[in-house]
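S.K.: First, the structure itself, so that you have it in front of you.
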Amino acid sequence: MNLTLKIWRQAGPKAKGEMVTYQVTDISPDMSFLEMLDVLNEDLNAKGEEPIAFDSDCREGICGMCGLMISGKAHGPEVTTTCQLHMRSFHDGDEITIEPWRADAFPVIKDLVVDRSAFDRLIQAGGFISVNTGAAPEAHSVPVPKPRADRAFDAAKCIGCGACVAACPNASAMLFLGAKVTHLGEFPQGQPERSARVVKMLTQHDLEGFGGCTNIGECTNACPKEIQQDVINQLNIDLRHALQQMT
Amino acid sequence: MTTTTPETTEIATGPIHGLYTEGDPVADTKAPDVPIAKMWDQRKFDAKLVNPSNRRKLSVIIVGTGLAGASAAATLGEAGYHVKSFCYQDSPRRAHSIAAQGGINAAKNYNDDGDSVYRLFYDTVKGGDYRSRETNVYRLAEESANIIDQCVAQGVPFAREYGGLLDNRSFGGVQVARTFYAAGQTGQQLLIGAYQAMERQVGAGTVEQFTRHEMLEVIVVEGRARGIIARDMVTGEIETHLADAVVLASGGYGNVFYLSTNAMGCNTTAIWRAHRKGAYFGNPCYTQIHPTCIPVAGDYQSKLTLMSESLRNDGRIWVPKRREDCDKDPREIPEEDRDYYLERIYPSFGNLVPRDIASRQAKYVCDEGRGVGPLVGDFRRGVYLDFSEALSRMSKEAVAEKYGNLFDMYQRITGESPYEVPMRIYPAVHYTMGGLWVDYDLETTIPGLYAAGEANFSDHGANRLGASSLMQCLADGYFVLPNTIRDYLANGPFPKVSEDAPEVVEARAAVEDRITRLLNVQGERSVDSFHKELGQIMWEYCGMERTEEGLLKAIDLIRALREEYWRNVRVLGSADTLNQSLEKAGRVADFLELGELMCIDALHRRESCGGHFRAESQTEDGEALRHDDEFAYVAAWEFAGEGAKPVLHKEDLVYKAIELKQRSYK
Ligand SMILES: Cc1cc2nc3c(=O)[nH]c(=O)nc-3n(C[C@H](O)[C@H](O)[C@H](O)COP(=O)(O)OP(=O)(O)OC[C@H]3O[C@@H](n4cnc5c(N)ncnc54)[C@H](O)[C@@H]3O)c2cc1C
Ligand code: SF4
Ligand code: FES
């Protein structure tokens, strides 16, 4: 198929960006979206134009490195990551716009590449269980009911891609945060720090410039790992609890 | 047993074809001389201690934030050392360990099915086809149980049973259930655990994190590793980082084949640069090729995706008997025209033969022109993995329950539903057993330079068993390195190195010079086109089946390609911004050197063992035939200088706890 691509080009963090139009021809429906961009880049390289910068690593939907706004949708039209999106989701003659994640907390580095280090700092603030290596008790000394372990796992599937932030009109990171708080909060091991965790992580969230949550739900719709909005409810419950303890 | 034996006389009389020279043997000198079961305790006891108040003054650089690097960074940070951690992704959490699916082994014996440290040790040595070092593997088995305790305490959501205890499955052809898992995302969950532990130390100020930084050189001062040169991939700045010790946990080099199940950025640069500075490279040719991956769909293919091996439990593998049928709809090919070749050749193991055998047989039927799927080049490279029998035997729901997410993943990539049409699979490069040579302490031949995880050669011999890499990475990072490196650090802090010391200036200049050279070639061909061509050479001649003739040809082809590279590559853009072509260009330059060493190693090892299959050395039933009398050693290669022949040092493998046997799958 033949496609028209309108792609955000920006030379550097401080440079002014613009949309540039490219044509690609002979695209196979079996290509992944990023392979389609690879083909375009090879083409640009051959013509002596600098290839378009975009992030990806595992290309199998698990590392969270990729992420593009595709015709206004984070990761494009399917419930999956950009790297797992395939060209059979598009039609001959389509015009596709491709932009980086847009959020104050995720500044653009170049073209389609953004800086998501804010997510690391959220984890540094409290997204862990404090246990030094070697200090762990025997694994079977603490049974965990299966439903709780399963819920923890479902929340822990988050890949830290940032699509939730990009999709949210407020650029809020509550889905990411809620997923972490829920994951660790389901385990007996996560209880001692539960209240402190939610408070510290939320404080950092606001410091990083992420917006507040107004329950719109775009985050869940965009999430490639189908993290549900109930993790945000959980976060609110944990927060209320923590504030009560403090007063 | 008959064999087409290689001309062993030449081996006896000296290096083959003048491609390398032989140096003194190497020895692992750090394993204490006590019975194997007491060795690790003894080593930990002998290792000197560092006073807690002195640890802040001691710094360690760790390159890599996968399971090996992140766990080491967290643990050394907790102990109070000053750690600097590097990765090329935008967050440590994205290291390729994240992609591991199946699980992690541990000798917990929770099922009381006769598992033990000794059995895990034995299985690993046997699985490695008796080409790994006993002492390291025994320690790995000993530490395995501690890993599970540590991960559970961190909140890793392993699968559990209704009683609330951990569930296990059996994996990779062993007879006990010792594999712990978290659905099909075990690597992700373990890495998130290690990453969070490491981020906790970043918050505490003991670990400094450098993301989007690529290490491009090791700094060696007075014979010791004292730091690295790294490029800030955002600003392009070349930075000097100094420390008392350096750890490389930079993962595997499977991307030398271009197409593999590795991530796009996986590379050999960190360990190759160390190799060029004096670290020996162990068994570079040992590569694992996984039989169940989604086949190549076209020339644009950028990577290959693994489908869990568990599919072989219920799927039946076949190709058409006749070439004319290869482009037909498989559902219209009647039973009698199908060749269930694994069931035919290996009636007792059938579709469950080990990875290397399943892979090789798939190659053979496709070489005969009986492969299926799209034509890529002149061949169809795929075989059917058919669930129609399972679907009629078990019901669609039961199949979905077991394999649903794998089927979905397959459909997402290929557009075909395995419920309706047979899946197509083909082998792909998956893991590299080779890596930097290390001793019992995981120290390389450069004092103060350590290697951990897939980056070292240590534990898997010529073939790795399923679910044992994650175990090795975490054993190395949580438990082994922190204990051994303290013995080294106890002699420090070492004299301060100044940024204008000649060794530092030289390392920096070398990096800058390479970057300038790459940008200045301004040739005709893209980096990817060279990488693809190298990959084809490696896959064809140093892949599933290797021959004397093919390897010699490959060496010539690689040399010619490397020569063209430095004359004709085109890297656009500048050095002082994010420049992904430039990043790739540096990595491919190193792959072009490593590929040659892999071929030389494969050529010199005139036996078959594990994943290294020399067509000249096989049993009557086509299995790998080892020659223990001549090749029971680790090949540790020394870099002898640009254009000079590499030097082979042999480390004899001494088996005291386990008897050497020929592997058999009859
Ligand atoms: C698809 C797949 C499935 C697998 N499934 C299993 C399984 O079920 N069980 C199992 O045991 N094993 C499995 N394996 C193997 C296992 O996942 C890997 O061997 C292991 O995770 C490697 O971990 P590591 O810490 O050594 O390296 P990696 O996780 O690869 O990390 C490498 C790190 O080094 C950094 N790095 C590399 N080069 C540089 C450089 N030059 N400068 C700076 N940083 C650098 C990277 O940024 C990264 O942080 C699987 C592998 C694959 C590919
Ligand atoms: S919650 Fe979903 S969308 Fe947000 S970072 Fe995690 S995986 Fe991505
Ligand atoms: S590249 Fe890893 S999730 Fe897309």
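Each value in this text was obtained by applying a stated rule to the coordinates, not by laboratory testing. Treat the numbers as computed from the prediction; the structure is a model and nothing was measured. All Cβ positions, glycine included, derive from the backbone under ideal geometry; neighbour counts span all protein chains shown.
S.K.: Report, in whole Å, the centroid distance computed from the Cα atoms of segment B:429-469 and segment B:124-144.
M.R.: After rounding, the separation between the Cα centres reads 12 Å.
S.K.: Which loop-located GluC sites (Glu not before Pro) does segment B:299-396 contain, where loop means any DSSP state but H, G, I, E or B and the Cβ has at most 14 other Cβ atoms within 10 Å?
M.R.: The qualifying sites are B:E368.
S.K.: In degrees from 0 to 90, rounded to the nearest 10, what is the angle of the helix B:502-521 Cα long axis to the longest principal axis of chain B?
M.R.: 40
S.K.: Please label the shape of the protein assembly as shown as rounded, prolate or oblate, based on the square roots a ≥ b ≥ c of the eigenvalues of the alpha-carbon gyration tensor (a/c under 1.5 means rounded; beyond that, a/b larger than b/c means prolate, else oblate).
M.R.: Because its axes are fairly even, with a/c under 1.5, the protein assembly as shown counts as rounded.
S.K.: Oh, and also: Across the residues of A:7-14, average count of Cβ atoms on other protein chains within 10 Å?
M.R.: Shielding by partners across A:7-14 averages 2.
S.K.: Next question. Among the GluC sites (Glu not before Pro) within segment A:160-247, which fall in a DSSP loop and have no more than 13 other Cβ atoms within 10 Å of their own Cβ?
M.R.: Sparse-neighbourhood loop GluC sites (Glu not before Pro): A:E226.
S.K.: Around B:I238, under 9 Å between beta carbons, what's the net of Lys plus Arg minus Asp minus Glu among the other residues?
M.R.: -2
S.K.: Out of A:A105, A:P188, A:L122, whose Cα points farthest toward the positive end of the dipole of chain A (charges: +1 Lys, Arg; -1 Asp, Glu; placed on Cβ)?
M.R.: Of the listed residues, the answer is A:P188.
S.K.: How high is the relative contact order of segment B:524-574? Use alpha-carbon pairs under 8 Å, at least six apart in sequence, and give a whole percent.
M.R.: RCO, segment B:524-574: 56 percent.
S.K.: Next question, about the same structure. Treating the beta-carbon of each Lys and Arg as +1 and of each Asp and Glu as -1, no other charges, what is the dipole magnitude of the protein assembly as shown about its Cα centre, to the nearest 20 debye?
M.R.: 1920
S.K.: I've got another one for you. Any idea which of B:A560, B:G573, B:W539 is furthest toward the positive side of the dipole for segment B:499-631, if Lys and Arg beta-carbons carry +1 and Asp and Glu beta-carbons -1?
M.R.: Going by the Cα projections, it comes out as B:G573.
S.K.: Quick one: dipole size for segment A:3-104, taken about the Cα centre, charges +1 on Lys/Arg Cβ and -1 on Asp/Glu Cβ, in debye to the nearest 20.
M.R.: 420
S.K.: Do the sum for chain B: with -39,500 (n - 2.57) for every DSSP H run of n ≥ 4, divided by all residues, what is the mean residue ellipticity at 222 nm, to the nearest 500 deg cm²/dmol?
M.R.: -11000 deg cm²/dmol
S.K.: In degrees from 0 to 90, rounded to the nearest 10, what is the angle of the helix A:174-185 Cα long axis to the longest principal axis of chain A?
M.R.: The angle comes out at about 40 degrees.
S.K.: Angle between the Cα long axis of helix B:580-604 and the longest principal axis of chain B, 0 to 90 degrees, nearest 10?
M.R.: Tilt of helix B:580-604: around 70 degrees.
S.K.: Could you name the lysines in cross-link range of B:K656, using Cα to Cα under 25 Å and dropping any fewer than eight places away on the same chain?
M.R.: B:K30, B:K38, B:K44, B:K108, B:K126
S.K.: Can you give the relative contact order of chain B as a percent, counting alpha carbon pairs under 8 Å and 6+ residues apart?
M.R.: Value for chain B: 22 percent.
S.K.: What average number of partner chain Cβ atoms lie no more than 10 Å from the Cβ of the residues making up B:156-163?
M.R.: Per residue, the number of nearby Cβ atoms from other chains is 6 on average.
S.K.: Also: Restricting attention to segment B:207-296, which GluC sites (Glu not before Pro) occupy a DSSP loop and are surrounded by at most 16 other Cβ atoms within 10 Å?
M.R.: Hits after loop and neighbour filter: B:E222, B:E237.
S.K.: With unit charges on the beta carbons (Lys and Arg positive, Asp and Glu negative) and the dipole taken about the Cα centre of segment B:290-429, which residue among B:S392, B:I333, B:I294 sits farthest to the positive side?
M.R.: B:I294
S.K.: Determine the relative contact order of segment B:349-489: mean sequence separation of Cα pairs under 8 Å and six or more apart, normalised by residue count, in whole percent.
M.R.: Taking the mean separation of contacting Cα pairs over the length of segment B:349-489, I get 16 percent.
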